[in-house]
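Participant: Quick one: structure below, then a few questions.
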Amino acid sequence: MNKVEEAIVCLRELGLPKAQQNERSALTLLALAGLGEKNRWSAATQPLLRTVDIMEFMRTEYGKDYKPNSRETIRRQTLHQFEQARIADRNPDDPTRPTNSGNTCYGLSDAARGVIVTFGTKEFAVTCEVFLRRVGSLRDSYRRTRQSVEVPLILPDGRKFQLSPGDHNELQSAVIGTMGPLFAPGATVLYVGDTASKHIVFEKQRLASVGVPIGLHDKLPDIVLHQEDAGWLFLIEAVTSHGPVSEKRHAELESLLANSPLSRVYVTAFLSRDDFRKYAGDIAWETEVWIAENPGHMIHFNEPKFLGPYEPNG
């Protein structure tokens, strides 16, 4: 067998599903172990690699040149399962690193390395058996570690969620937990995005009932609140690196919600005044700005009006 075939056998014995017993996953395992074709399994190391680094390893060591758009496939169809199976750890050097950071990296877990260095020896079957017996407790331990750095999100109705770590989700949690009760009391949370899982709250029926096209949810702002007694829809962009409610974004959302009978309140949220200053020149008129470090205040880009939807003829 060549190295890739051996890696597939290793993955099978480690309990990976059939969908991960393939060349892509085998090459990923070899990259995480730093093993070229001529290296012995006992020489396995634990380099910390980004997905692009893994792809570069595949190309230089094994001549497998995956297209750039394969990066997401490797992440979702191999690395995610490696994490679940306790073969790899994500950001072991910094668990607080945001999921969407360009520095997100993966490393072979200590437990997995302890198994694969024995591949091809009499000890391999035993180390596999021990690993598979322990993987449950290892998985639970890893889950607790990840949860300790995740961002808690509590909705007004008491539902609790864990958002992936990072400034963006810290800001989203502040918007819902602080801004909402202050400036949109009693509002229902209809949509919340998440940097890891695309969206964590997605009330499809409620959104559709107020004229929001759910088939285009990827075009929605980060947070959508519905203040039913006022007949207002809050459309909130949580900005940490890009995406305030600019003139262009305002026009896009107005077009998207053309069939909604509700009045719209557009809000750009920032963590700090410094963040706000960076984007102040891009913010559209007839919108609002909320800053988490000064939560009791709202900046109105609504000329003579205060908080509320802007009615062009009203």
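The values are calculated or read from the model by the stated rules, or taken from the named source; none is laboratory data. Just so it is clear, the model here is predicted, and its values are computed rather than measured. Reconstructed Cβ throughout: ideal geometry from the backbone, glycine too, with neighbour counts over all protein chains shown.
Participant: Among the residues of the range 51-63, which ones are charged (D, E, K, R) and surrounded by 16 or more Cβ atoms within 10 Å (Cβ to Cβ)?
Facilitator: Glu61
Participant: Using beta carbons and a limit of 6 Å, which pairs, at least six apart or on different chains, have the first residue in the range 5-16 and within 13 Å of Leu108 (Cβ to Cβ) and the second one among the aliphatic types (A, V, I, L, M)?
Facilitator: Ala7/Ala26; Ala7/Leu29; Ala7/Leu30; Cys10/Ile116
Participant: Please state which one of Pro213, Pro181, Pro261 is farther than 30 Å from Thr104 by Cβ and modelled with pLDDT under 90.
Facilitator: Going through Pro213, Pro181, Pro261 in turn, the sole match is Pro213.
Participant: Failed condition for Ala33, given (1) within 22 Å of Thr118 (Cα to Cα); (2) modelled with pLDDT under 95, with all others met?
Facilitator: Among (1) within 22 Å of Thr118 (Cα to Cα); (2) modelled with pLDDT under 95, the lone unmet condition for Ala33 is (2).
Participant: Which of (1) at pLDDT 95 or above; (2) within 18 Å of the chain's Cα centre (by Cα) is the odd one out, the single condition Pro92 does not satisfy?
Facilitator: With respect to (1) at pLDDT 95 or above; (2) within 18 Å of the chain's Cα centre (by Cα), Pro92 is out only on (1).
Participant: Also, I was wondering about something else. Could you list, in sequence order, the residues of the range 207-223 that are over 17 Å from the mean Cα position of the chain (by Cα), crowded, with 17+ Cβ neighbours inside 10 Å and not β-branched (Val, Ile, Thr)?
Facilitator: Leu207
Participant: State which residue is farthest from Glu13 (Cα to Cα) when the search covers only the range 71-101 and only residues that are of a type in the set (Ser, Thr, Tyr) and in contact with a helix residue (DSSP H, G or I) (Cβ under 7 Å, 6 or more places away or on another chain).
Facilitator: Going through the qualifying residues, I end up with Thr96.
Participant: Listed residues Tyr66, Tyr62; which is of a type in the set (Ser, Thr, Tyr) and at pLDDT 90 or above?
Facilitator: So the residue among Tyr66, Tyr62 that is of a type in the set (Ser, Thr, Tyr) and at pLDDT 90 or above is Tyr62.
Participant: Restricting attention to the range 239-259, does a residue exist that is of a type in the set (S, T, N, Q), under 20 Å from Thr188 (Cα atoms), touching a residue at least 12 places away in the same chain (Cβ under 8 Å) and crowded, with 17+ Cβ neighbours inside 10 Å?
Facilitator: No, the range 239-259 contains no residue that is of a type in the set (S, T, N, Q), under 20 Å from Thr188 (Cα atoms), touching a residue at least 12 places away in the same chain (Cβ under 8 Å) and crowded, with 17+ Cβ neighbours inside 10 Å.
Participant: Now, a different point. If a residue has to be surrounded by fewer than 18 Cβ atoms within 10 Å (Cβ to Cβ) and not small (Gly, Ala, Ser) to count, how many in the range 100-117 make the cut? Steps first, answer last, please.
Facilitator: So in the range 100-117, the residues surrounded by fewer than 18 Cβ atoms within 10 Å (Cβ to Cβ) come out as 100-104, 110-111, 113-114.
Then keep just the ones that are not small (Gly, Ala, Ser); that gives 100, 103-104, 110, 113.
The qualifying residues number 5.
Participant: Within the range 292-314, is even one residue more than 21 Å from Gly180 (Cβ to Cβ), polar (S, T, N, Q) and either in a loop (DSSP other than H, G, I, E, B) or modelled with pLDDT under 95 (or both)?
Facilitator: Looking through the range 292-314, at least one residue is more than 21 Å from Gly180 (Cβ to Cβ), polar (S, T, N, Q) and either in a loop (DSSP other than H, G, I, E, B) or modelled with pLDDT under 95 (or both).
Participant: Which one of the conditions (1) surrounded by 15 or more Cβ atoms within 10 Å (Cβ to Cβ); (2) at positive phi; (3) more than 26 Å from the chain's Cα centre (by Cα) does Arg264 fail to meet, given that it meets all the rest?
Facilitator: If we test Arg264 against (1) surrounded by 15 or more Cβ atoms within 10 Å (Cβ to Cβ); (2) at positive phi; (3) more than 26 Å from the chain's Cα centre (by Cα), just (2) comes out false.
Participant: Same structure, new question: Looking at the range 276-296, I want the residues that are over 18 Å from Arg249 (Cα atoms) and have a partner that is among the β-branched types (Val, Ile, Thr) with Cβ atoms under 6 Å, at least 6 apart or on another chain. Which pairs are those?
Facilitator: Note: pairs meeting the criteria are Pro295/Thr178.
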